[in-house]
Amino acid sequence: MEKSNILPTHIGIIMDGNGRWAQKRGMLRSIGHRYGTETIKPAISFCSGKGIKYLTLYAFSTENWKRPSYEVDTLMSLISEYLTKETAEMKANNVVLHFIGDIDKIPQKARATISWAEKETSENNGLNVNIALNYGGRAEIVMAAKKIASLSKQGAVSEDDINEGLISSLLYTAGIPEPDLIIRTGGEKRLSNFLIWQSAYSELYFSDVLWPDFKDDEFEKALDYYASRKRRFGGL
Ligand code: FPP
């Protein structure tokens, strides 16, 4: 089998290293996030071009609120700015935008832009871009557990109904296939609470490249790695 034919259906990315990228250049960390945001568009084009169906980007974790407020504010503004600037092109390119996470806690202005962008692209059927915002894997599992408690109280589920399928259907990612490949840039080798339920069988690819430098050639390396892992499976 040609390795180029073995593509993941769903790729998750932990876009790490913006701060260090900026600091290495004597710039403020928030400038790194701006360059990091500019790397999202080529990543979306790359995945669209390959015919990948789902791309989930970790934009802001439930833990990121602990960062200095100017950095939190910068990230929120960058998201609104990105959506305002890029939604028309994403719509034209058949991208479907979807946010996962506890969006209710996001500042109202950003939330309004998010709802607008999701609605604008909702009729498309190409690459599904999920943006994880105020997202935490453990919080997501707690949310599912609470929903089960409430359904149980209403008599809608019994103990025997509780299985992996039920839990999956109550997560933000309900209906989205599990990620085949998770990429983390920036050199750290951990999942940091990203899709922890969904990644039980994902291939993990760690790159030392900082996210603002993660361009098509680096993406190709991640896909080559994925294809080689799949080939090994095939040989068993
Ligand atoms: C990690 O780098 C990155 C983040 C916490 C934010 C990632 C967000 C973006 C790239 C922008 C999102 C925008 C849209 C439109 C979805 P870091 O700051 O932890 O870097 P460091 O490890 O070098 O400190």
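How many of the residues in the range 33-64 are out of contact with any helix residue (DSSP H, G or I) (no Cβ under 9 Å at 6 or more places or on another chain), polar (S, T, N, Q) and crowded, with 22+ Cβ neighbours inside 10 Å?
So the count comes out to 1.
Do we have Pro8 as of a type outside the set (A, V, I, L, M), outside any strand (DSSP E or B), at pLDDT 95 or above and touching a strand residue (DSSP E or B) at 6+ places or on another chain (Cβ under 8 Å) here? First the steps, then the outcome.
Working: of a type outside the set (A, V, I, L, M): yes; outside any strand (DSSP E or B): yes; at pLDDT 95 or above: yes; touching a strand residue (DSSP E or B) at 6+ places or on another chain (Cβ under 8 Å): yes.
So Pro8 fits the description; yes.
I'd like the full set of residues that are farther than 27 Å from Arg138 by Cβ and either hydroxyl-bearing (Ser, Thr, Tyr) or near the ligand (Cβ under 9 Å from one of its atoms) (or both), limited to the range 42-60.
Residues satisfying the conditions are Ser45, Ser48.
Restricting to the range 83-134, what's the tally of residues that are closer than 21 Å to Thr39 by Cβ and charged (D, E, K, R)?
4
Scan the range 61-80 for residues that are more than 8 Å from the ligand (Cβ to nearest atom) and either of a type in the set (Lys, Arg) or in a helix (DSSP H, G or I) (or both) and jot them down. Even if it seems obvious, please write down each step before you answer.
Filtering the range 61-80 down to residues more than 8 Å from the ligand (Cβ to nearest atom) leaves 62-63, 65-66, 68-70, 72-74, 76-77, 80.
Within the range 61-80, Trp65, Lys66, Ser69, Tyr70, Val72, Asp73, Thr74, Met76, Ser77, Ser80 qualify.
How many residues does the range 204-224 hold that are touching a residue at least 40 places away in the same chain (Cβ under 8 Å), buried (at least 17 other Cβ atoms within 10 Å of the Cβ) and away from the ligand (no atom under 14 Å from the Cβ)?
3
Here is a list: Ser150, Ser192, Ser168. Which entry is more than 23 Å from His98 (Cα to Cα) and among the hydroxyl-bearing types (Ser, Thr, Tyr)?
Details: Ser192 fails: more than 23 Å from His98 (Cα to Cα); Ser168 fails: more than 23 Å from His98 (Cα to Cα).
Being more than 23 Å from His98 (Cα to Cα) and among the hydroxyl-bearing types (Ser, Thr, Tyr) holds for just one of Ser150, Ser192, Ser168, which is Ser150.
Look at the range 82-103 and say how many of its residues are under 18 Å from the mean Cα position of the chain (by Cα) and in a helix (DSSP H, G or I).
Here the count works out to 6.
Can you name the residue in the range 69-115 that is among the basic types (Lys, Arg) and touching a residue at least 24 places away in the same chain (Cβ under 8 Å) and is also least open to solvent (accessible area, probe 1.4 Å) among such residues? Give the derivation first.
Within the range 69-115, the first condition is being among the basic types (Lys, Arg), and the residues that meet it are 85, 91, 105, 109, 111.
Still in the running and touching a residue at least 24 places away in the same chain (Cβ under 8 Å): 91, 105, 109.
Working: Lys91: 87, Lys105: 132, Lys109: 150 Å².
The qualifying residue least open to solvent (accessible area, probe 1.4 Å) is Lys91.
The values are calculated or read from the model by the stated rules, or taken from the named source; none is laboratory data. Worth saying up front: this structure is predicted, and the values here are computed from it rather than measured. Ideal geometry is used to build each Cβ from the backbone, glycine not excepted, and the neighbour counts take in all protein chains shown. Accessible surface areas use protein heavy atoms only, side chains included; no ligands, DNA or RNA. Shrake-Rupley method; radii C 1.70, N 1.55, O 1.52, S 1.80 Å.
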